[in-house]
Amino acid sequence: MPRPTAAQLAYGSCTVILSTLAMLLLSQTSSAAVIAVIAVAALALGLLVALTLPTPKRTAPAPAAAPRPAVVRHRVTASATTAEPVREPSAS
C-alpha cells in the first residue's frame, strides 16, 4: 500500500477536526455515547476524504544512458620519454 501524500494527510486531518467540531456544535449533546459516534463518523469522513483525493501520477524512470567506455590513462614516466643510449662500462 503506498504511503499517503502530505496533501492527503492535511485534508484528512482538517476534515476530521472540522467535521467533529461542526457535529458537536450542531448536536449540542453531552452524552458520551453520542460523542463517541460523532468521533467515529468524523474519522470515517476524514479517511474517505483522504483516500478520494487524487494522487500524483508516477512517471516512468528515464532510460539509463549507455555506459561510457572506461578511459584508460597510461602513466608516462621520465625514463620512457628520454631516449638516451645505454652505455656499458669499457673493459680495460
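Taking region 1-47, which residues are more than 28 Å from K57 (Cα to Cα), in a helix (DSSP H, G or I) and either polar (S, T, N, Q) or modelled with pLDDT under 90 (or both)?
Across region 1-47, the qualifying residues are S19, T20, S27.
I want to confirm something. Restricting to region 43-62 and keeping residues that are in contact (Cβ under 8 Å) with a residue 40 or more places away in the chain and aliphatic (A, V, I, L, M), which single residue is surrounded by the most Cβ atoms within 10 Å (Cβ to Cβ)?
A50
Looking only at region 23-39, count every residue that is exposed (fewer than 10 other Cβ atoms within 10 Å of the Cβ) and either closer than 24 Å to A7 by Cα or in contact (Cβ under 8 Å) with a residue 12 or more places away in the chain (or both) and tell me the total.
0
The values are calculated or read from the model by the stated rules, or taken from the named source; none is laboratory data. Model, not experiment: these values are computed from the prediction. FYI the Cβ positions are ideal-geometry reconstructions off the backbone, even for glycines, and counts take in every protein chain you see.
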